[in-house]
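Written below as structure tokens is the structure these notes are about.
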């Protein structure tokens, strides 16, 4: 199977090079959407084959999508240029909305209440540890760190805060996939799911706050900074929640009454969110997450059709999203920062390990949760790249360099995170617990039989 996929991948890349060479001799008046349409189709095919190839090798499909973009991008065979990536920004935004839909729909309050104290303690302790250590390393390396070198301390603190808030994020989708794949069940699994999903909410809110702070401070506001900051945060956070709740109500109303073409309807809502967020200056992540949360926990209709529709739309957009992220990697730039990337990955890993163990101890968790729950918080994926994409668009002076660093970090975390989580679940004795036969009920003592 792997040899066949390699053959198909080579054929697709040769086809792309051939069509690209023919397109190069077309007149300049040729319509540019033809070129982008061809690229989208080729990206889908190549990412699908590459993701399947890495899955055959026991590696995450997302890493395959990133690798496909890297091969086709400027650092590879240059089928995709930086201009093409910028022209396809709508794909990124729709994918961000779908990712946030999934995160909001996974936030089931009834499942979180049972272990609320442990989850809250781990969530708080781990988030604080990652933010403080990662932001602290950025400030400690200020003279040589690519984002802060040559900038003042005020701007460096803002950059470090944004960087630290993004580093907190992890991937609920990876956690759910590994737990389901290993058929795991138990306190470690439930704690990981509760923390990862709730952290998506917390990290998006924190990122929105940091983004508002950064925008306000870097604009050089005067004494009216407090009022301006409050107004901006009220609109970007409160407005996003309000619009997301309204759209969630519309989604539940439609799926509860008409139920026609839910896949196309949910895709239309994702597109609508990207347009509304752009026009009204809202946060796409928070708006879409509120929509998914509303449908799952507040609406009276069944949320399962919404979840299935999101999953049906997610695969092609996820593949394109990660493929475009891979295409934006410039290996020539990464060659000089790989030691820095490895340092950041190590610091983040230590912070996750220490913060999780401290929170589990404070929350009174079991020994298995203390020892193994941290393995579920290493992976990073869509939410991280979604936030760093927004930051890159908001701060073009240093956002592109931040995106380069995080794309490399995500690639490492996606490669090692699932492996760590699988080993953690196995060591905790929860892998395969769903398939274990239920314990037999104790046999009731039979009453004595009378003689004769």
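Bear in mind that the values in this text are calculations on the coordinates, not laboratory data. Just so we're clear, the structure is a prediction, and the values are computed from it rather than from any experiment. Cβ placement follows ideal geometry from the backbone for every residue including glycine, while neighbour counts extend to all protein chains displayed.
Values as computed for the structure displayed
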| read-out | value |
| --- | --- |
| Global size of region 111-200 as Cα Rg and Dmax, reported in angstrom | 16.9, 51 |
| Projected label distance in nm at residue 87 and residue 281, using a 7 Å step from Cα toward the beta-carbon | 3.0 nm |
| Net length gained if the chain between residue 335 and residue 361 were fully extended (0.36 nm per residue, minus Cα distance) | 5.3 nm |
| Gap separating the Cα centres of region 363-435 and region 127-182, nearest whole Å | 12 Å |
| FRET efficiency estimate (nearest 0.05) - Cβ-Cβ, residue 217 to residue 151, R0 22 angstrom | 0.95 |
| Residues residue 144 and residue 350, FRET efficiency given R0 of 30 Å [Cβ-Cβ distance, rounded to 0.05] | 0.90 |
| Packing-based order for 140-146, 115-121, 36-42, 285-291, using average beta carbon neighbours within 10 Å, highest first | 285-291, 115-121, 36-42, 140-146 |
| P(r), alpha carbons of region 88-432 - 10 Å bins starting at zero, rounded % | 6, 25, 34, 26, 8, 1, 0 |
| Orientation-averaged projected area, Cα convex hull of region 247-368 (nm²) | 12.0 nm² |
| Theoretical FRET efficiency, 1/(1+(r/R0)^6), r = Cβ-Cβ of residue 78 and residue 342, R0 35 Å, to 0.05 | 0.80 |
| Pair residue 38, residue 253: separation of 7 Å Cα→Cβ label points (nm) | 4.5 nm |
| Cα-based equivalent ellipsoid of region 161-208: semi-axis lengths in Å, sorted from largest, via gyration tensor | 25, 10, 7 |
